Each structure stands twice: as C-alpha cells, then as structure tokens.
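Undergrad: Have a look at this one before I ask anything.
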Amino acid sequence: MDATTILDRLGSLGISVEAADDRLRLEPGSRVPPDLIGELRQHKQEIISKLKGFHFKYTDAQASQQELEEISARVLIDGYCLLWSTVLCDLVAFYADDEAKHKIPPGFVLYSVAELRDLFGKGKCSSDRLRLIHEAKRLGGRIAPSG
C-alpha cells in the first residue's frame, strides 16, 4: 500500500488526516481500522510529505465564499494551492497559470482558478456532479466554461 492509497482509504472512512510537524493527526482516530495502523507507521514519512502544506478544511462540495477567497489568495501568492478533498477522497490542486501548473507535484488532479470559480461559485455543483466531473478530470477531461 502507498501513501495515496492509505489516504484514499482513510477518506472513504470519513477520517481526516493532517500533518503536524513530524506527526500525523487522524480525526476521529477511533475509526482507524487495526489493519491500517501498521501501514500508517510504515508509510508515515511518505504521508507527511504528501500532506505538508495542504488544507483539509474544505469538506463540502459547496465551498463558502471565504474558502474560495482563501484558495484564490493562495493561488495568487503561490501560483497554486494543494489540498486533500474529503468529498472526492483525492488530492486536488488549483493553479493560476501554466507556469504554476508545472510546479505541482505528481498525483494531484488539476483545476484552473476559472474552473474553481465555475464549479464552486453560487451553488452550481452538487457533491454527485463534482465527483463525476472529478473522475472525468482524473482521466484527462476538461471543464467547458459556463456561459
């Protein structure tokens, strides 16, 4: 099992994961199955490396205006924003331009800032629709801008 598979499994169980210094914080820890504890220990550093700097608070398909503004600000400052989506159980990245897009580590499903605003702004996207779009993006699809 690798770090991404472990994170996927934890996400599917409703367990959020954060990297705090050299430790993993799992909430709720009581839901972690015994068979994953050894995997977590074995792949701890790999998981921490994947999680460093990612935001985990964006758990709803419909992001609040404040969340959109924070993601947009991070994209403007850093060129991109990396996060783990508990809705999608996957790593996602939002980016400003092609230069920033090429700086994003492998393993993330990429979304432009325009796609971010189109998907999450003004109640446009249900969890089911977001999952369907995400699966298409994972397979190389693109989102056509809404009119």
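Where a number appears in this text, it was derived from the coordinates with a stated rule and is not lab data. Source: prediction; values computed, not measured. Heads up, the Cβs are rebuilt from the backbone with ideal geometry, glycines too, and the neighbour counts pull from every protein chain shown.
Undergrad: Please order 78, 35 by the number of other Cβ within 10 Å, starting at the fewest.
TA: Ordered from fewest to most neighbouring Cβ atoms within 10 Å, 78, 35 come out as 35, 78.
Undergrad: Okay, next question. By what distance, in whole Å, do the Cα atoms of the stretch 65-138 stretch along each of the three principal axes, largest value first?
TA: 30, 26, 18
Undergrad: Taking the Cα atoms only, what angle lies between the long axis of helix 65-78 and the longest principal axis of the chain, rounded to 10 degrees?
TA: Around 90 degrees separate the two axes.
Undergrad: Under a point-charge model restricted to the Cβ atoms of Lys and Arg (+1) and Asp and Glu (-1), what is the dipole moment magnitude of the stretch 65-138 relative to its Cα centre, in debye to the nearest 20?
TA: Charge dipole, the stretch 65-138, about its Cα centre: 220 debye, nearest 20.
Undergrad: Express the Stokes-Einstein translational diffusion coefficient of the stretch 3-51 in µm² s⁻¹, to the nearest whole number, given a Kirkwood radius over alpha-carbon pairs, 10 °C and a viscosity of 1.306 mPa s.
TA: In µm²/s, the coefficient is 150.
Undergrad: Could you tell me how many degrees, from 0 to 90 and to the nearest 10, lie between the Cα long axis of helix 127-138 and the main elongation axis, the longest principal axis, of the Cα atoms of the chain?
TA: 90
Undergrad: How much length is gained if the chain between residue 78 and residue 66 is pulled fully straight, taking 0.36 nm per residue apart and subtracting their Cα-Cα distance, in nm to one decimal? Before the final figure, lay out each step's value.
TA: Values: separation 12, 0.36 × 12 = 4.32 nm, distance 1.80 nm.
My answer for the length gained is 2.5 nm.
Undergrad: When the Kirkwood radius is taken over all Cα pairs of the chain, what Stokes-Einstein diffusion coefficient follows at 10 °C and 1.306 mPa s, in µm²/s?
TA: Working: Rh = 15.9 Å.
Here the translational diffusion coefficient equals 100 µm²/s.
Undergrad: Just to check I understand the Karplus step: with θ = phi - 60° and J = 6.51 cos²θ - 1.76 cosθ + 1.60, what whole-Hz values come out for the stretch 30-41, glycine and proline as x?
TA: Running phi through 6.51 cos²θ - 1.76 cosθ + 1.60 with θ = phi - 60° gives 5, 8, 5, x, x, 5, 8, 4, x, 5, 4, 5 Hz.
Undergrad: Once every DSSP H run of n ≥ 4 in the chain is given -39500 (n - 2.57) and the sum is divided by its residues, what mean residue ellipticity at 222 nm do you get, rounded to the nearest 500 deg cm²/dmol?
TA: Result for the chain, helices only: -12500 deg cm²/dmol.
Undergrad: Tell me the relative contact order for the stretch 3-51 as a rounded percent, counting alpha carbon contacts under 8 Å between residues six or more apart. Intermediate values should be presented prior to the final figure.
TA: Values: 39 pairs, mean separation 20.7, N = 49.
42 percent.
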